[in-house]
Amino acid sequence: MIRVQREDFDIGLELAKLTKNNYKVGGLTSFVGLVRDIAAPETISSMTLEHYPGMTEKQLEHIETIANQRWHLEASLIIHRYGKLDLGDQIVLVACASAHRGEAFEACHFLIDWLKTKAPFWKLEKTASGSNWVDAIDADEDAANRWFSK
Amino acid sequence: MKLLYFAWIRTNLGVSEELVDVPSEINDVRALLDWLINRGESYKAAFSDLNHIRVAVNQEYVDLDHAINTGDEIAFFPPVTGG
């Protein structure tokens with residue numbers, strides 16, 4: 001399941017819903033991305049996430065389908081926020097449930113690596129001296145490609 | 001066709017979307033970019049380095065040699081930075 005939303009999410013509630021009444025699940029992994037201060041030596045006052053409505057949902061559904069083909073998952077969830085966020089706010093939640101921890105860990109890692117390079121979101125950081133679009137970094141691209149060279 | 005711009009491409013051009021009629025010989029993404037660059041200095045600056053541009057046609061990633069048609073939705077944006 002995927003969700004793209006402006007509102008915050010409750011991790012505990014989302015994880016509980018994901019595995020409710022499914023007793024085949026033996027392992028549940030999650031990754032939560034937060035707004036961190038990356039504008040040193042300045043301090044970020046806020047972060048705005050822009051996205052491409054329509055394509056975002058398509059891309060997230062696509063990568064979730066790939067993960068479910070590659071690993072045996074009982075359930076998976078991606079929630080990604082957009083709009084104006086503050087330091088420390090939650091941006092993204094990826095969660096994977098499986099019978100065993102190995103598949104749940106790997107699928108979760110794959111999903112966050114892959115969405116960082118394919119889901120059409122852009123971060124605009126605001127500091128005291130103005131607003132800057134955050135640059136993509138090569139390390140993220142390398143991390144995503146790693147899953148397809150194994 | 002409908003063109004969409006995101007992130008710094010949108011802010012540099014000062015427009016988020018526009019409907020354009022292009023000459024019939026403009027039949028792939030590369031030709032469309034060449035045509036756009038001739039529309040003014042802001043377009044020329046935005047599309048000067050294609051290494052920093054990603055393109056989606058009808059919400060799917062494509063290469064520069066991808067064919068385009070009249071009814072397409074074509075989006076130009078920088079490498080993504082979500083997550």
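The values are calculated or read from the model by the stated rules, or taken from the named source; none is laboratory data. Keep in mind it's a predicted model, so treat the numbers as computed, not measured. All Cβ positions, glycine included, derive from the backbone under ideal geometry; neighbour counts span all protein chains shown.
Looking at A:Lys116, A:Lys58, which is the one that is within 13 Å of the chain's Cα centre (by Cα), within 14 Å of another protein chain (Cβ to nearest Cβ), free of Cβ contacts under 8 Å to residues at least 40 places away in the same chain and within 30 Å of B:Glu17 (Cα to Cα)? Quick ask: steps written out before the conclusion?
Details: A:Lys58 fails: within 13 Å of the chain's Cα centre (by Cα).
Among A:Lys116, A:Lys58, only A:Lys116 is within 13 Å of the chain's Cα centre (by Cα), within 14 Å of another protein chain (Cβ to nearest Cβ), free of Cβ contacts under 8 Å to residues at least 40 places away in the same chain and within 30 Å of B:Glu17 (Cα to Cα).
Test of understanding: among B:Asp49, B:Asp34, which residue is modelled with pLDDT under 95 and among the charged types (D, E, K, R)? Let's see the steps before the verdict.
Values: B:Asp34 fails: modelled with pLDDT under 95.
B:Asp49 is the lone residue from the list that is modelled with pLDDT under 95 and among the charged types (D, E, K, R).
Report yes if A:Glu42 is part of a loop (DSSP other than H, G, I, E, B) and either of a type outside the set (Phe, Trp, Tyr) or out of contact with any strand residue (DSSP E or B) (no Cβ under 6 Å at 6 or more places or on another chain) (or both), otherwise no. I'd like the intermediate steps shown before the answer.
Numbers: part of a loop (DSSP other than H, G, I, E, B): yes; either of a type outside the set (Phe, Trp, Tyr) or out of contact with any strand residue (DSSP E or B) (no Cβ under 6 Å at 6 or more places or on another chain) (or both): yes.
It is true that A:Glu42 is part of a loop (DSSP other than H, G, I, E, B) and either of a type outside the set (Phe, Trp, Tyr) or out of contact with any strand residue (DSSP E or B) (no Cβ under 6 Å at 6 or more places or on another chain) (or both).
Tell me which helices (runs of 4 or more DSSP H) are completely within chain B and hold 2 or more residues being touching a helix residue (DSSP H, G or I) at 6+ places or on another chain (Cβ under 6 Å), within 18 Å of A:Asn132 (Cβ to Cβ) and within 13 Å of chain A (Cβ to nearest Cβ), or say none if there are none. Before the answer, list the steps.
On the way: elements: B:7-13, B:29-37, B:41-46.
Counting at least 2 such residues, we get B:7-13.
For A:Ile137, only one of the following conditions fails: (1) within 12 Å of chain B (Cβ to nearest Cβ); (2) among the hydrophobic types (A, V, I, L, M, F, W, C); (3) touching a His at 6+ places or on another chain (Cβ under 8 Å). What is its number?
(3)
Tell me which residues, restricted to segment B:33-83, are at negative phi and of a type in the set (S, T, N, Q). Lay out the reasoning, then the answer.
The initial filter retains those residues of segment B:33-83 that are at negative phi, namely B:33-39, B:41-57, B:60-82.
Residues satisfying the conditions are B:Asn38, B:Ser42, B:Ser48, B:Asn51, B:Asn69, B:Thr70, B:Thr81.
Does segment A:111-130 hold any residues that are part of a strand (DSSP E or B) and surrounded by 22 or more Cβ atoms within 10 Å (Cβ to Cβ), and which are they? Outline the logic, then answer.
Filtering segment A:111-130 for residues part of a strand (DSSP E or B) gives A:121-127, A:130.
Scanning segment A:111-130 gives A:Phe121, A:Trp122, A:Lys123.
Could you figure out which of (1) modelled with pLDDT under 95; (2) under 30 Å from A:Lys17 (Cβ atoms) isn't true of A:Asn145?
A:Asn145 satisfies every listed condition except (2).
So is A:Ala143 assigned to a loop (DSSP other than H, G, I, E, B) and within 11 Å of chain B (Cβ to nearest Cβ) or not?
Values: assigned to a loop (DSSP other than H, G, I, E, B): no; within 11 Å of chain B (Cβ to nearest Cβ): yes.
For A:Ala143, the condition - assigned to a loop (DSSP other than H, G, I, E, B) and within 11 Å of chain B (Cβ to nearest Cβ) - is not met.
Residue by residue, here is whether (1) more than 15 Å from the chain's Cα centre (by Cα); (2) buried (at least 19 other Cβ atoms within 10 Å of the Cβ); (3) closer than 14 Å to B:Gly83 by Cβ holds:
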{"residue": "A:Asp8", "(1), (2), (3)": "no, no, no"}
{"residue": "A:Lys20", "(1), (2), (3)": "yes, no, no"}
{"residue": "A:Tyr23", "(1), (2), (3)": "yes, no, no"}
{"residue": "A:Met47", "(1), (2), (3)": "yes, yes, yes"}
{"residue": "A:Gly102", "(1), (2), (3)": "yes, no, no"}
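Looking only at segment B:28-83, which residues are of a type in the set (Val, Ile, Thr), without any contact (Cβ under 8 Å) to a residue 60 or more places away in the chain and out of contact with any Phe, Trp or Tyr (no Cβ under 8 Å at 6 or more places or on another chain)?
Scanning segment B:28-83 gives B:Val29, B:Val57, B:Val62.
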